[in-house]
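The values are calculated or read from the model by the stated rules, or taken from the named source; none is laboratory data. Because the structure is predicted, anything quoted here is derived from the model rather than measured. Cβ coordinates were reconstructed from backbone atoms using ideal geometry, including for glycine residues, and neighbour counts include every protein chain displayed. The protein model used for the area step is the full one, side chains on, heavy atoms only, and it has no ligands, DNA or RNA in it. Shrake-Rupley method; radii C 1.70, N 1.55, O 1.52, S 1.80 Å.
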Amino acid sequence: MYQTIQWEIRDHTGILTLNRPERLNAIDNVMRAELEQVLRRAEADPDVWTIVVTGNGRGFCSGADLKARAEAERSGSGGPPPQPLTDTRFYYSIGFSEMSKPVIAAVNGVTRGAGCNMAFAADFRIASEQANFGVNFVERGLMGETATWYLPRLVGHAIAAEICLLGEPFDAARANAWGLVHKVVPHEKLMEEALALAARLNSKAPLAVRLTKLALRRAFDQDVQQHLDMQNSMNAKLRTTEDTKEALRAFIEKRPPVFRGV
């Protein structure tokens with residue numbers, strides 16, 4: 001179905017694999033379009049509660065495919081820089097944060113530029129010991145796109161400045177020390193760890209998880225009263241769901257709840 005990505009659903013977890021290993025999973029126009037399509041599909045699918053994204057081969061994502069862009073410009077077929085196709089919520093550099101379902105980035109290797117943007121947009125980042133990062137836009141005469149928005153929130157201004165203004169690569173251990181990744185694991189254990197985390201998320205009430213993610217994302221844009229008003233409204237909606245009723249029954253009956261996402 002897809003040329004540059006792979007997509008499967010396993011036990012309520014959507015597994016998205018970037019699949020241009022010969023280019024370290026660099027993003028060309030085809031991948032850009034397919035990422036928007038699959039994220040829109042995942043958001044609408046009630047069977048998908050959590051998403052794990054990773055890369056095939058040595059790279060997670062080496063960023064935009066500059067070689068393809070240069071070849072297009074030489075041939076005269078190059079156009080303006082890529083923009084979202086239809087809905088900015090599913091644009092690859094912000095899509096993981098804008099969709100309501102939690103996203104786990106299983107960072108398996110080389111991660112540069114726009115690949116960093118995708119990883120930083122995820123809700124969780126688990127890194128292989130072989131992973132390495134580089135927000136290297138300044139080396140290309142450009143800015144860090146969404147990295148300059150995510151990084152100050154993730155690691156603070158001082159470290160964000162070091163990452164973005166110098167543009168120098170750093171390894172998984174440094175990312176872990178900065179608090180940029182949640183865990184560093186042996187390479188062969190990466191997907192096992194990511195899927196185990198997805199299973200833990202999927203054991204919770206999925207509608208409550210989705211609204212909690214939304215509340216966390218909006219926290220920096222609201223004062224405490226606005227945030228409380230929003231959460232009160234969200235909780236009022238959640239109290240009408242079957243999952244909330246099931247949680248109460250399970251508590252009374254002293255058993256684990258069985259959530260259905262309704």
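Annotations
- At 0.692 mPa s and 37 °C, Stokes D of the stretch 83-193 from Kirkwood alpha-carbon radius, µm² per second: 234 µm²/s
- Heavy-atom accessible surface of the stretch 90-187: percent carbon and sulfur, 1.4 Å: 55 percent
- Taking each residue as 0.36 nm, the span from residue 229 to residue 242 lengthens on full extension beyond its C-alpha to C-alpha distance by 2.4 nm.
- By accessible area with a 1.4 Å probe, ligands and nucleic acids excluded, highest first: order of 180, 238, 165: 165, 238, 180
- In this Cβ point-charge picture (+1 for Lys and Arg, -1 for Asp and Glu), the chain has a dipole of about 540 debye about its Cα centre.
- With contacts taken as Cα pairs under 8 Å and at least 6 residues apart, the stretch 106-246 reaches a relative contact order of 23 percent.
- Most mobile listed residue (88, 13, 240) in the chain, GNM with C-alpha springs under 10 Å: 240
- Among 231, 37, 130, residue whose mean-square fluctuation peaks in a GNM of the chain (springs only between Cα atoms under 10 Å): 231
- Accessible area per residue for the chain, computed on protein heavy atoms with a 1.4 Å probe, is 51 Å².
- Solvent-free Debye scattering, log10 I(q)/I(0), computed from the Cα coordinates of the stretch 130-243 at q = 0.23 Å⁻¹: -1.18
- Among 60, 133, 251, the residue with the largest mean-square fluctuation in a Gaussian network model of the chain, with springs joining Cα atoms closer than 10 Å, is 251.
- Pairs of alpha carbons in the stretch 143-194 whose separation is greater than 18 Å (percent): 36 percent
- Prolate/oblate/rounded call for the stretch 11-67, Cα gyration tensor, a/c under 1.5 rounded: oblate
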